[in-house]
Each structure stands twice: as structure tokens, then as C-alpha cells.
1. To the nearest 0.05, how large is the calculated FRET efficiency for residue B:182 and residue A:292 if R₀ is 51 Å and r is the Cβ-Cβ distance?
2. With a 10 Å Cβ neighbour count serving as the proxy for reagent exposure, in which order, fewest first, do A:40, A:158 appear?
3. Quick check: the distance between the Cα centres of segment A:257-304 and segment A:212-238, to the nearest angstrom?
4. Any idea how far apart residue A:160 and residue B:106 come out in nm if each label point goes 7 Å out from Cα toward Cβ?
5. With a 10 Å Cβ neighbour count serving as the proxy for reagent exposure, in which order, fewest first, do B:226, A:214, B:100 appear?
6. Using only DSSP helix segments of four residues or longer, with each worth -39500 (n - 2.57), what per-residue ellipticity at 222 nm results for the protein assembly as shown after dividing by its residue count and rounding to 500?
7. What's the FRET efficiency of residue A:112 with residue B:198 using the Cβ-Cβ distance as r and R₀ = 56 Å, to the nearest 0.05?
8. How much FRET efficiency would the formula 1/(1 + (r/R0)^6) give for residue B:88 and residue B:229, where r is the Cβ-Cβ distance and R0 is 60 Å, rounded to 0.05?
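Computed from the coordinates by the stated procedures, all read-outs in this text should not be read as laboratory data. Just so we're clear, the structure is a prediction, and the values are computed from it rather than from any experiment. Cβ placement follows ideal geometry from the backbone for every residue including glycine, while neighbour counts extend to all protein chains displayed.
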């Protein structure tokens, strides 16, 4: 994991350096130069995660990182909804369950191939997401959160009535002999745990590409306008109803796809995996990870899936997480609205600068010569 | 050509626009009046943010009020806001592109049209800057660029010079005068700056407490004693 952090920081530092560049033309040039660099760094990272990482992990940790990858798709969708479109949903965790359910039911009822099952799970969940998003056309903030939380409760009730995920044949078949949990059969090319992990990485990469495409394209601009103000967006001709619902549908589509993948992960799925309060936990980690950068989704998924496993490993009670996340949210809201994905690289860069000053005497002289205010990296912030 | 007929807007007991009938002809038309006269409310009616209690608005023969608010931009209506509303997170180029791509304008010439609009207001140098980093004057120009992109049919400018120093206001005035000529769209200009209005507008209408008190050529209107009274008050009022 340290390797991941280090590579990220390098990229961030470069981004910060070019951002401070003087001229507009130079800025555009540097941005154009940076993009392929980013792509290369991203591709290298992806290759390491897909091929290097599984070799380093035993089967338990492989299972954990697989679920990190799957959940990063959910946090990605919710991050887009919060950070780009400026709306909240506390229903995304149950949308994940919904996706798993749809994928399983379709598998009981049809002989569709795995990729199609996952895609259909995403599409069906996307449609329900748009329906749940309807109140967002009238409500915002706390009230919208409340309504979506109730929708999450409603999905739980429906899944319990349908005895999720237990099923016999057909769309609504029910088998008394069925166990408490079900697992979707994996595709032929990804039977083993390592192969399935790679499969999930590829799907997640596609989802991240979809997110980037949205953010940089027409929907991203429309969302930026809506976020700024409803009337500005309308005056610019933006169909605000469509783009708000589209944001909900996209976030839910991603949750649904993740649900389909989760249904085929080790251990399968059962109803107890999806308590309603986890929606709030999901919301918390997404805020902490950072909603203004796509990479925040990965941080959020690590917080949600890897951190509890690590605490367990170290013998620390996972109950502590609720408190930790509470403090984390407070810190994000008060001092770092960009979340950990923006803050950590900044802190590391500051730390690096501080260390360099300590190690290289010339730098230290230059630093102290510039004035007392620049004595340490942290004291520059309020100035 | 906008024909407004018996337009009335009510907010509870307040009547910001009271039975207004006016015809705004081509070129640049001024709309002036003291604070609270109903100028911005009138723009909000045209934009669809306020639903009038009575009356009709026809623009080029079409019933403007029957069009859904977000489709009015597609129809060709553009406006700027009294408190500027550039989208801070987007670049200047993207701010203008947003309007172009959401108003059904020709896709093939999109990039050129947007760059032309940015050049029209003289912001080509900062086209890829985030709009949030610009100063007040440049933000106002971004709004004007958004208002002229993609073949507008009617441009509403709501106090575009508010908060600008005199020299910037003068330059903005020159720009506004070019809109009817080069973009071929009539402009309705609301402003308190009489020198800007008389520099830009051939005709002017005056609102006071929601009522139209004068309309005609700008020079005549500014000499009208009702108008002077509305703006400066009379000795009895004081």
C-alpha cells in the first residue's frame, strides 16, 4: 500500500508545481504534457495492482482487496453524486444489495453470460436509482438524505420479503432448501480468486473511465452549473431535471454493477451484509476519501473495507471505527473539504519540504531568509 | 421585437409588475427605473423563473411564456445576472461551451463558435483559465460571452456594469453596442448608469413601482418630467 501512496504523491506534487506556473499558455502546455504522464502512471499502477499485488497476498487478504476494488465502484458513484452533482443519497449501500439481487435472480432465471448479468444488474439498479432520485428535484440536503435513507429501508423490507438472495428457478422462484447466502457462478475466464480479482480490477477500471468521461464531458459541465446555482444552469439551457436524475442513475448503475461483482465474490452475499446504517458509513468514508477527485473513491473503499480488516488483524476493536470516522468527518468538514486524497499528498509534500530544509543547509538558509512566516510548511497555510 | 401585454406579477401582497404593456423594438433597448421598480422581475418573467399572475409576452410572434424555462435558451433567449453567475469551477471556454452544447447549436462549428464568442468579448488570452480566478470585470465579460454564443435571438443584460470602474464600463458599453450589429440579436439593457444607457440604447422604457411611466427614444425619455421625478423625487416628496 505504501507503494501506491508514493506514486500518488509524486503525481500530486507535479500537479501542484504546474498549477503554480505563471502563464496561461504555459499552463495549457504543461497540462497537455502531464496528461500522458498521468496515463502512464495510472497504467503502471493498474498493472501493479492487477499482477503484482495478488502475489504478495494470501487468500484472506486477496479477498479483502477484491472487496476494496468492488466497493471502490460504489464509492466512485456516490462521490460523483455528492461532489459533482451536489446531491446526497443514503441509499447507495442498498443499491449495492439491489444489484447483487438482480444479478442472482437473473442467473436463476436465465442462462445469460456473466458480463451481461453484471451489466443488467447495473442498468436495473440505475433505473431504480433514478426513481429514488425523483425527490431530489424538489428536496436537497438533509431532507433528501432522509428520503433516500427511507428508500434504503424500503429496499431492505422488499429484499427480506423476497428472502434475498435465496431463490429457486425463475425470476421469483423460492427454494426452501436454499441456504442463507448465495453466490453467483463466476465467468469461465475468472474461476480462481486471483483471476476474479483481476476481473474486478478491469471492471472497476472501466467504471473509473466512465466516471472520468462524464466529469470531463458535457454532463460534468452541466453538473458544475447545477452545483453553482439552479437558475444559472437553467439560463444556460441545461435540462436540470435530466442531469440531476442522470447523476442518481449513474451512481446507482455503478452500485448495481458492484453488486453483481459482489454476488460472485468469495462467500457470496446474504441479507445481513447490507444493514441500512451502513449507508451512513458509506457516506462518511466517501466524504473522508474526497469527493472532488476521482481517486477519492479508492481511498474511501480502503477506509471502508481494508481498515476494519487491519484493525481486526491488530486486535483493535472495530467498534473504534465509528469514532474514528466521526473524527475524520469533523476534520474533513472543518479543514480539508477535498478529503484525504487531496490532503495527504499536500501534507507529505509539506513534510518533504520540511525534511529537505533540515537536511540541506542551503535550503534552510533560503527558507529562513524569506521571513519568519515561511519557517515551517504548516505555518504558511494561514498566511 | 418583444410585445408585453398587461403583464402583472404578484408576490403575495406585493405587486412588482403592475399591468405593464410595452413594445421593445430591435437594436439595444434600455430599461431603467429606481430600485424595486420591477426590472429584474421582468427579466425573471422572460427567463421563466417567475410566473406572472396575468398577461402575455410575445417575442417575434411566439408566446415566450409557453416555453419551458430551460428551453428558452434553446429558443434563443440569453441573459446575464445582476450578481454575476459565472461557473467558478469551469474554464472560460467551458463556461461558454456549456451554453453552446445545451442550446442545440450546430455541433460541427462548436469549437469555432465558442472561441469566436470568447474572442468577441476579448478574453481569448484567458480562455483556459478557471473562471473563478478572474476579476469582476472579466467575469462580467464571461457572462456576456455566454449571452452571445450560439445565435441568440434576444439578449437580456441585467446591470452588466454593476461594480465596474468607469473605464471598464465604457469598454463594456462599446461591446454592448456591437451585439445588435455583429450578433444580430436585440438587446435589453437594465442599468442604473445613465451614461451607459444613453451611450448604448436608442430607445428606453422606464418602470416605477411596477408601472411603465415612460417609453420612447432615450433622449426624450431622460428629459421626461415623470422620469426625473421618479429618479430624483420632488420637493413635496422630500
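1. 0.85
2. Ascending Cβ contact count within 10 Å gives the list A:40, A:158.
3. 27 Å
4. Placing both labels 7 Å along Cα→Cβ, they lie 6.2 nm apart.
5. Sorted ascending by nearby Cβ count, the order is B:226, A:214, B:100.
6. On the way: 27 runs with 350 residues, N = 621.
Dividing the helical sum by the residues of the protein assembly as shown leaves -18000 deg cm²/dmol.
7. Working: r = 72 Å, r/R0 = 1.29.
Efficiency, rounded to the nearest 0.05: 0.20.
8. Values: r = 42 Å, r/R0 = 0.70.
So the FRET efficiency works out to roughly 0.90.
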